[in-house]
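Data block below; observations after.
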Amino acid sequence: MGTLTSAIAASRSALTAERVRIEAAVSNLANAESTRGPDGTPYRRRDVVLEAQPVGPFDTLVGGGTPAAGVRVAGVVEDRAPFQRRYQPSHPDADAEGFVALPNVDQAEEMVDMLGAARAYQANLSAITLIRDVIQRALELGK
Amino acid sequence: MAVDAISAAVAPPGATGITGTLRPPAASGAGSPAQAPGFVDSLGRLVLAADDAGRVANETVGAMLGGTGDVHEAMIALQQADIALQLTVQVRNKLVQAYQEIMRMPI
């Protein structure tokens, strides 16, 4: 409909992206102790790659030379950092030396990521609320 | 001459003047600006847009309930449908207001 609705579309794309970030952090936390996955190796930490994405007429006003307003999930990549090793000979997945390979997930880091994503989600919700209020104020001109 | 012009605009209903622009361009008289889209056409397009937004909102809410959509997508679609409807209602109010204003005009 116009620039304001494109701005809502941009915020909406950000909401989806932040939701995926939260899901990735939740998945990492849930699998912090998973010593085996479908391929037999321990779970690898997932990371979300975000990419700027043009959204309608909003770009022509905001983007300038580099049209970019919305955001989209370019992909979910696996963290190639080495696995943690814990000495636990009784574990069925322990190697010959008695060490178990654990996922390369740092729980504190995941908590921080999750909080950041949740705050970003809230910020985008606020932006949408603001745009809606602006439109409704404009509509009140007709009353 | 001025009186003639006014009576000509008022007397034949649906032919010229205000009534002419209130009709679709195809049905309007020769004297009216048929090329410019009238107020009612805009209202018609707005109604269609509001209907479209309502349909999209309905689909998005259905997708959310079906487990394939997001809550925020559904809420945003509902808000956009609400805004489109409010805009349509405001335009319609102005149209009715203008009509009543003209009907109150002493001739």
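At a glance:
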| read-out | value |
| --- | --- |
| Long-range amide H partners of A:D79 with built H, under 5 Å | A:R45, A:R46, A:D47 |
| Using a Förster distance of 41 Å, the FRET efficiency for A:R36-A:A74 (Cβ separation, nearest 0.05) | 0.90 |
| Label-to-label distance, nm, for residues given as B:Q100 and B:V56 (7 Å Cα→Cβ offset) | 3.3 nm |
| Theoretical FRET efficiency, 1/(1+(r/R0)^6), r = Cβ-Cβ of A:E140 and A:V49, R0 30 Å, to 0.05 | 0.10 |
| A:H91, B:H72 arranged by Cβ crowding within 10 Å, fewest neighbours leading | A:H91, B:H72 |
| For chain A, calculated [θ]222 nm from helices alone, where every DSSP H run of n ≥ 4 adds -39500 (n - 2.57) | -16000 deg cm²/dmol |
| Cα gyration tensor category, rounded, prolate or oblate, for the stretch B:68-107 with a/c compared to 1.5 | prolate |
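FYI, it's all coordinate maths here, none of it is from the lab. Every value quoted in this text rests on a predicted model; they were computed, and no experiment measured them. No Cβ is skipped: glycine too gets one built from the backbone with ideal geometry, and neighbour counts run over all protein chains shown.
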